[in-house]
Each structure stands twice: as structure tokens, then as C-alpha cells.
1. Using the alpha-carbon atoms, what tilt in degrees (0 to 90, nearest 10) does helix A:81-91 show relative to the longest principal axis of chain A?
2. What does the stretch B:68-219 give for Rg and for Dmax, in Å, if only its C-alpha atoms count?
3. Using the alpha-carbon centroid of each, what span in Å lies between the stretch A:348-381 and the stretch B:486-563?
4. Find every distance from the label point of A:Pro21 to the corresponding label point in the other copies (7 Å from Cα along Cα→Cβ) and write them in nm, one decimal, shortest first.
5. Considering only Cα-Cα distances, which of the following residue pairs are longer than 28 Å: A:Lys195/B:Lys429; B:Lys429/B:Lys451; B:Lys301/B:Lys428; B:Lys49/B:Lys211; B:Lys246/B:Lys463; A:Lys238/A:Lys379?
6. Determine the total buried accessible area between chain B and chain A, counting protein heavy atoms only with a 1.4 Å probe; round to the nearest 100 Å².
7. How many partner chain Cβ atoms sit within 10 Å of a residue's Cβ in peptide A:382-393, on average, as a whole number?
8. Over what distance in Å are the Cα centres of the stretch B:384-437 and the stretch B:26-76 separated?
There are 2 protein chains.
Amino acid sequence: MKLNNFLNPKYIAVIGASSKPGKVGRIIFDNIISSKKAGVFPINHQEKKVAGHKAFSSIEDLELKDWKNLLVVIAIPAKFVLKEVEKCARLGVKDIIIVSAGFKEIGGEGEKLEKEIADLAKDEGLNVLGPNCLGMINGGKSLNITFSDYSLKSDIKRKHNIAFLSQSGAIGSYVLDFLKNKNIALSYFLSLGNKAGLNENDFLDYLYKDKKTDLIILYLEEISQGPRFVEIVSRISKIKPVAVLKAGRSPWGEKMAMSHTGSLAGSHEVALAALKRSGAIILENITQINNLMRLIKGPVKEVEGHLAIISNAGGMAVLASDEAFEKKLSLAKFSDKTVAKLKQDSIKFIDFKNPLDILGDADAKRYERALDIVLSDKKVSSVLALLTPQSMTEDSKTAEAISRLARKYPDKIVTTCFLGSAGVASGKKVLAKNLIANFDSPEEAIDVLSKLSNYLDTRKELKVFKSFSLEEKSSSLRVLDYIDSFRVLKGAGINVASARKLEKKTLDKMKYPIVIKFTGPDFLHKFDKQAVFLNVENKQSARKILDIFDGMLKEGKISSDNVPVFQSQLRKKTELILGFKRDLVFGPVVLLGFGGTYAELYNDTVIEIADLDRRRVQEMIKSLKCYPVLNGFRGQKKANMSLLVDTILNFSKLVRENKDILELDINPLFVDDKKVVAVDVRIIMKK
Amino acid sequence: MKLNNFLNPKYIAVIGASSKPGKVGRIIFDNIISSKKAGVFPINHQEKKVAGHKAFSSIEDLELKDWKNLLVVIAIPAKFVLKEVEKCARLGVKDIIIVSAGFKEIGGEGEKLEKEIADLAKDEGLNVLGPNCLGMINGGKSLNITFSDYSLKSDIKRKHNIAFLSQSGAIGSYVLDFLKNKNIALSYFLSLGNKAGLNENDFLDYLYKDKKTDLIILYLEEISQGPRFVEIVSRISKIKPVAVLKAGRSPWGEKMAMSHTGSLAGSHEVALAALKRSGAIILENITQINNLMRLIKGPVKEVEGHLAIISNAGGMAVLASDEAFEKKLSLAKFSDKTVAKLKQDSIKFIDFKNPLDILGDADAKRYERALDIVLSDKKVSSVLALLTPQSMTEDSKTAEAISRLARKYPDKIVTTCFLGSAGVASGKKVLAKNLIANFDSPEEAIDVLSKLSNYLDTRKELKVFKSFSLEEKSSSLRVLDYIDSFRVLKGAGINVASARKLEKKTLDKMKYPIVIKFTGPDFLHKFDKQAVFLNVENKQSARKILDIFDGMLKEGKISSDNVPVFQSQLRKKTELILGFKRDLVFGPVVLLGFGGTYAELYNDTVIEIADLDRRRVQEMIKSLKCYPVLNGFRGQKKANMSLLVDTILNFSKLVRENKDILELDINPLFVDDKKVVAVDVRIIMKK
């Protein structure tokens, strides 16, 4: 999908542009003409002139040579929209923004209308943004095609380097309004609306190569085309950060699609796993959107070292370090040279450690010298400079000093937190002028710095995801035969405690103790509690159990499709759970968890998108709280980690390559220093 | 301690008041005279006049009838301070603020000086605030005795209803600065500094009965006199909220005092348990200080019902509900009447549920009608009204409407979150004028509302704590004999798996299987791994084990103080851990946790101050993640809850009443449907 003309149109027609000020179509029209970057045509079949421009009664009346250079904005009642889109298709117009509401979001007739537009767009290859959206802004060109009065300041100092895509118009208009008094500018704003045609992935594809854009932020309520999204975001994340605020993490926010087994949690958890896989920065709230916009001023480069905190307020430094600890953001250990230099300055600091408290009576000069020394330390990659207004505080001068040092150390990240209102107001102005990111509280600063640090760590190891087509949801399922299920695992290179059919004639030859299980359709739910017999010690006991089975068969309680099977009785070992399901949005996902009786209480599980490799499997295992148990807890022998990794990789390969497997649970998977064995299994297949 | 004159002094002398503007003593002096509420005397032995007032060369030169009506502020270099305090003591002055720094915080000589002042204050019964503090403000009297330029606005609309106590001067000055442009006023500001004399508890005692103060906020780096603090805060919390930001939750913030067993975590965890016991609102960051100040405008009353969220922005409502779910803040379910009324209004809402999305094109009128209907619902106790600037949004008018409704429903909590900058600026001004608490983001609003809701829930059941004197830390310890340890538990009414001495002559008479343990001084650490023999099935095995013991004795590896003991072998049951230690600050604390092999991985424990009652023990048990195991998990029998509660209560009583017990761990405590049995025990006593 080519979006060059869509985002940089030569001509724009606004259907619904009106001479009445305040009408949506008119506001959009006014916003466009104020940019003077494109030829603009008001389309209004009742009016001759709109805001001094000659109005056309239909787009068909425009005399254009190449309709592909035209972007059509539609801002008329929903019921008239389809007809206009059809006109566009006939004329060869490719790029359309439908601002009008009254479609899928109101259900019924609106939903039907939207479907027709979506189908038309698909058939004709139209780029349709919306409906039910605010429109689009191209910040670099000062082109505002929305009905928001986002003012494109000419005196803005920062380059237009942030693309913001929002599925919610309201959150879009909030961000545009928030940006008004800030020294932050958008490269693009894209209000996605109902996503009938274009969705986030189409724009992400474009933004991947867009050199203007250093940071992409998305607010999404649902992610479109999961695998494609993960692919494109993982590709972009290798070069610039993509931050996603995905709403609906609570059942109130979204009814969670719970899997019927309960072993894999709802789709939001899968969405988080997908975001993690894609290398995206995962946001939780709108404050983080604001703070990330402040922080990312240019291309995000690797920086060696860790964070230093410097403060004229001990209490604030303590609170910042508490927060850093909680967010797992490492603090730099000052080099001996740094400590020596700080001491040489003979300021009576209480301590020369990071966080560095330069005391309440610090003036700008002391602040500058201490900060200079800290920034010169190779172990320091970034600085958070805290300042509260105290009697000796020179907020403006300190802000000037910090700005000078930020220029002196261009490869380090210099951020501030000037705390208070009147007492630091002029300092804050100086910081803003010098494009220093200043945050409202130490916890917000630490929070956003930890997001960035985490992104940089992730990026190093990130591999580009390979997209694929999602399977249609299969309505017809079957549970695979128990003995066959083990065969499937074995065929995939997974070590199993094989199950064989239990027969009277073989009772003599077996090595006891054994486990007997009744398997088959009638034992899936109906009799599941009476279907497993552990520690069967001898022939006599085994025969009795077989008699129970035969009895049920004779009485017609169960059908002849059921089979009694046996396995060797294994000694109890560390138990894991290995699960698989196909998520409706993201496809195959794998769950690894600690098993055993109390597993579900502590919910010690990790979910990953199924394209696993060795490194990611190792991380999965290490992320479990029970990891110490596998790693030689309390003098136990270490689990055979290499075999465990192989097993999970084989599992992942199996479920990805066999499209007929819909769900697969190994529970328990026994693990010790020698072996990894699948002891029980359940496979759900397409019929 | 009487603080009436301290907080409302008739006369104030400022030692160190100077004619040089900018000097700390001078700033304080200027701040005092600008309030014109007290007779002020500059004390300066080099100058005749200070700011037009006659200066005295020493406080002894003042001609006062009753020195008890004088408050002396000391702002001179540290080395001269003691002499002035001595003068005060001689003259009968009781109330002193020492602003000067250079004491305990710099160690060495400073620490010694402070000790002398502290001793003098104690001996003479002086009220000394500081040293190393900002001073004090009495907001209601517009009396500012600090060197901060907190302006006591005369046009402030809200009453001076918040007391703020800060151990950090910097955080104090930040809050004072933050308040400057807000419609929030302090009843008292108290900068605690080094707490050489007065500490938070002295002021809390006073504020308990202070009718002006509706909310008390403390920033503390260490809590003074733990038990007294818990008593007074629990007393106050019954009538008004006390919110505490306790710094040092990370090892970076404070080196944690880890117990040597690791079974009880560091003192910060105990501090949190103490704050919980006291009914305080526990804060994590300074943003919460600001937001709580906005929210609490008067006496905090009970309100029936739950929160309603109303929004012109669906996305924001989703984010707010996500946050409410995470913070466990319940949303009200609208009554049928409310839903009917909303429907009657025939606005095309997508849904009539809470959170209520009144759509992006909502004008002030629609906002008002919907909010009125919601507020009239008895199930609604509080409202969060979200607004983002969209094309049809009327921010000022909507703010007026919300303000009207807040007056119409005075018993309900009406808060807002107007999101954006220019687009909601005038609306925000209207809200401020009408004293509506407006928050910067949905997550901040939900966060502070959940704190308040949680406080109100806690208050209902809160009992006043009874203070006590802390024991001196005992340097000399001993481990109590194993058999005696069980006797101690038994004597306290705790069911035990009694241990008896194992002797050759009784081997025949015993009921096997048994457990054999080698106990005594040499088995505490040296041979601890070879000291327990489970499942000893018969006489022969028991004799062999006894031979091992005798062998060690003969070879001189162990002394004759050691004893082999036996217990009946019990069947494995649900295992809990019950622990006790004496915290240096808060005294006896009890830990309850899930036991067994993997317990420490999941850290499923709860710590409580040891004055337990039935209700609190029940809550402790229910707060464990393993609670379902006790409550009939997976068809198991329910644990005998009544016996378990009795056991924990008896345990708590035992350790509180026996001051010689320093630590006590029962691990495991076996629990099933019939019994609760202490299976293993370790008691550490004063020597």
C-alpha cells in the first residue's frame, strides 16, 4: 500500500466543507488552508463559496489531470458516505479520510454501511482512513487535516520527530491539546477510528523508513492483523522505539477471552506477550505517553553505562532510588576517579556515592561542577538531575548549567526533575528552551527512563518476526486418542512416558508399579475423576481395575471407543506445565509454568509467541519464580537445562508446523538432572 | 508535652536575625513580621537594628514577664547553638526552633553537639524542633516561621485544613512551593529536621484534637518511638486520615536490617505492617501527597456506595476502569432506575453502564444531565468526571455544571480529570474556583480515590493500639532447649508434636514410625544437616541412629549438653510457618506464611504487629495466596480455621507476654481439618 500521496497530497477535496463556521467540515477546511501546502477544494452541493474559495457541487466537477494526486476528506452524515466513496473509486481517487461517525460503533445499520465501504476499499485498492476518526496531520509539512485546532507552531525548536497513532479520537485530541504548550512536535498524527480500511500496520510500514520519525506511539484498543503487527513492529524496533498503550487490561475494560482450559489466560495476556516479542515499549497510562515524548528528541542510540542521580534534596534522591530499585533500573557505580574528583572539590558532601546528594545549599556553580564530574564518568550513560527550591537554590542558573553540560556531553541522556511551581518556574522555562526533558516527579522520570533502558536492552537481541496467515477458527474439534498423543510428542523428539493399551493377557509380563488410566471420549469429562489409578503395585490390583473398566463397558456406561492404558509409575520430580494454544489475534502461543498441586495459586507462568529460539526459551525458564528449583535449589541436583530447552523448542516447532493441532497441554512435564519426560498429555485437533 | 505556645507563640525571638537581606535569620524574621501576629524580637549582638526593629544583643536582654510565652528561633552557626539553648533553659523558655544545620547529619563533632542539646532538652523539658530544619508554619494564623517564602494568600478559598510534617527540608520546601498556586492551605507545616527534641509523635498528639486539621500528611525517613507512633496514629485515624510517605523501601534508599534467619524481612516491611496496623494511608510517592491534598477538603465522612466514572472520551474511561480494577477500587453498579432515567433522556449512548461514556460530542447540558442522574443513584458514593477537549466540548460550561452538582450532592465526592492543556484551561480554572479536585490523569485520580476508599474501609474496624516501652536490644542470646521449647508452646495452649528424650531402654515400648532429631548446641549449625531422621520404622533402625549419636559423643565431636529426641512420625499435611521477632522500632511482630519446600520462592507471607485479635488473624490468613489450600482447594477438606486462629492468637499472646523470648519460629505448623500441630520449633531467649 503506497501512502505517499495520502500523507503528502498534492490536492485535497473536503466533502462537507461548509460556509458555516464551527461545522466539522469547515474546521477541517480552515485547518488545511491555513497550512497553504496543498490545493484545497471545498465540495458542497448547496453553496457556491466556502471561506472565499469556490465550492464544487461534487468531486466529479473538479478538473484534475491525475486523480491519484487527490486526497478526499469526507465529513458528511454517515448515510451519504458510501456514495461518495463509490464516486472516488470511479474517478480513480485512491486516498480517502472518512471523518463521519455513525458506523460500526453504533452497530446495526451503521455496521452494515461500514462493511460495504470496507469491501469496496478492498476491491478497489483504496486507502481509507476511518470512519469515525479525527483525521490526519503531517507535522513536517504543517498540514493539519483534522478538526482539532492543533497549532503548528513556527517557533518550535524540536524537529517534528514523533508519530502518534490513536484508535481513540478523544485520546488523540487530548494528546494534540497537551502538545500545544510544549516544545514537542509530531511528524504525523493519525486518528485510526474504526479501521475500516487502513490500520496501524499500513502506517507502521510507511513509518519504518520515514527518517523524520524517531519515535512511534500507538494507543490501541485492539491490535489488527496480529502476526503482521508483530513483524512490522519488530522490524521498526531494531532501529527506533515503538511504544504501545494497549487498553483493556481489566475485565471491565474488555471482556477477556478466557481459554476453556484456564491454562492459558485471556487475550490481553497474549497481546502483552506479542508486544514483548515485537520489542515494543509497553505503556500502561497516558502520563507515560507524555513523558516518552519529552524524552525522545532524536534517534535513539546505544549508550554504555547506567543512570546517575544528582540532587540538592536528599529526600528526593531517596525516593528516586526507591523507584529505580522497584523498576529494576540500575544505578551507575561511580569510578574511583569520579569519587576522587568530587572529593577534590572539597564540598562537604555527606557521601560521594550515586545517588549524589549535593546538599540543600547547593548553588548553580556547585551543581554544575558536580554534574560535570558525574557526566565525565564512563560508567554513567544518563543523568537525572533533581532540584527543589530551597533558600540558596538558583533555579535559572542551574538550568543554564545543566543545558550547557547537556551540549558538552551530547551522547549522554540528561534529564531533570525541577520540583515545585513558582520556585522553579523560571528554571523550567530555561530547560524547555534548551530542550531538556523535565519531568513532574522523580517517579515519573525513573519510570520513563526505565522504559527506555529496557527498550535498548531488548533491541540488542531482538530478531525480526516472520509474519504468517492466521488460520480460520475451526468450529469442529476432537480430542486426539491418548496413545496417539504420546506418539505425536515422541515423533517431535519429546521424551515421553509412553502409554500402552492395558490388556489382561499382558498383566503377567509387566514391571510393577504402574499407572492405569481410562482414556477415550467418555473419560474426558463424564468420569474424569475415576479415571486415574496411581501406584498399581501388582497383577491382582491391575486386574481389579481392568474389571471395573469392563464392568462399565458391559453396563453400557461407556462406549467401546474407550481404552484402558498403562504407563510405568515414575518417581515424583519437579513438575512443569507446557501448554499451547492458537490465539485468535496472534496465532500460536506457548505457555511454560511451574506445575504441581499449588501451581495455580501462585500462577508462576510465562507466555510467549511460539517462534521460539534457544535464547528466548532460556529467558522463559529463567523468568519463572520457580527457576531456583531447576537451578539447584537447596542442594538439589540441577535440572538438565539443555534437554529442557530442546524439549520446549521441539514442542514449539511441533505446534507451529502442525496446523491441525489447536491446543496441546503437557501436564506434568517431569524434569530432573537426567531426563525431561512428558507424563500426561492432551491434544485437541481439528476434526 | 504542651505545644500550645509553641504553635501559637505570644512572642518570638530570632537569634541570628540580621540586617543583611538574604541571610537565613533575616528571611525568617521578615516572614514573621509580615504576619503581624506576634511580638518579634531580633537578637543580634553586632547590630542595633534589624529591618527597622530594635535588635537585642542577647535574649537575656528582653524584658519579659513570662518567658513561657516566648518562642526562640535559633539561626546561627552550629557551634554557638548549645550556649543559646542553655540560656533559654535558664530563663524558663520552653519553646525553641533550631534551624541551623551542622549537627547529626554531618557526624562527628556535630553529632556530639546534637546529643548535648537533646539531653538538655530532655532534662529541662524543652520543646526543641530541629536542628537542621526549615521551621514551622501556623497556616490559620498566617504565621510563617520558616525561611521559605510560602505566601499565605488572603484570597484562599479553602480553609487551612491540612497539616504537613516533613523530615526532609527539601521535600518540605517543594510542597510549600507546590502549594503556591493552588487553592489548598496548610493548617500547620512542621519541618522535623534531625528530631533532637520534638518528633512527629509530639505534633500528632496535638493534631489529634485540632479541629482545623482534616488531613495529616507525613514524609518520614525513619519513624520515631514506633509503638507510640502506632498508638497515636491509630487514635487519629479513627477520626481523620493520616497519610505517610515512608522513604527507604529499597536497599539503595536504606540498608535493610535483615533478620539473620531470613524468615522475617527487613525493617521497612515491618514499618509497612506498623503503618497498616495504625490505619494510616500508605503513600509511595510525592504525586500522591499532592493529589491527597487536592481531594480532602473537609472532614472525611463515611459514604455508602461505590465509584462512578463518566466520560466524554471512551478511551479514557477504559484506561480509568483498567486502573480501578488493578487498584481493587469497586465501580458502582447503576440501579435500574438510573439506567431507565439515562435511557429516557434518549441520548444515543452506546451503553448505560458504569463507566458511562456520554460520547465525544457531549456538550455541557448532556454532561450535566447524565451526571445528575448518576449522582442521584444511591449506589454511587463518588464520581470521577473525565473530559478531553473535542470539537463539541464546552469545558467551562461543563466545569460550571459539575460544580453545581457538587453543591447539589454535598455528601458525595465529586472529582474530575480535565485532560489537556489549552483546550481545558478555562474549565480547570472554573473547577479550581469551585474547589473541585481535578487530577492530571485518570490513573492518578483512581489511585488517590482508592487510597481514600481503602482508608474508609479500614477505619470501620480499626482499634486503637496500646503503646508500650520497647525493650533494650539484648546482646546476649541463647537457643532454648528443644524439649523445653515444645513445653513453652504447650503451656501457651498451642498443640505440639511433643518431643521426648530418646533412650535405649524405651526403644521397645515406642509406636513406630518415629522421627529422631539430634538437638543441642552442637546441632544448631555445625551438624545441622545430619541431625534429622525421618520415618524411622523400627527398633533396629532407631538403635542404629542412637549408636551414631553415642559415637559422636565418645569421639568428643559433641558435648554432653546435646540430646537425641524423638517425635511421632506425622502424615504430611498443609504446612504453614509461624514466626516472631522483636523489631528494633516497633517491637513484637508476627509472621504467617505458607511453608513447605517452595515456600521461600513464592514468598507467600504476611507480617503483622503482634497485638492480634480474631478479626485481624482471619484477615492475615485470608491474605495469603495459599488461602484456597486452607479453604478446601481441589476438593481437599477445609482446614480447621477456628483452631488455626486460636493457635495464632495464643502464639501472639505468648510472645507479647514473655519479654525474654526474642525470636520464635514454628516451622512447619501442620494444619488439616481436625488439628493444628507445631511440628518443629526454635526459640531464642535472652540469656
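1. Roughly 80 degrees between the two axes.
2. 15.5, 48
3. 61 Å
4. Computed spacing set for this position: 4.8 nm.
5. Flagged as over cut-off: A:Lys195/B:Lys429; B:Lys49/B:Lys211.
6. 5700 Å²
7. What the average comes to for A:382-393 is 4.
8. Spelled out, the Cα-based centre of one part sits 47 Å from the other.
The values are calculated or read from the model by the stated rules, or taken from the named source; none is laboratory data. Source: prediction; values computed, not measured. Cβ coordinates were reconstructed from backbone atoms using ideal geometry, including for glycine residues, and neighbour counts include every protein chain displayed. Surface accessibility is based on the protein's heavy atoms, side chains included, excluding ligands, DNA and RNA. Shrake-Rupley method; radii C 1.70, N 1.55, O 1.52, S 1.80 Å.
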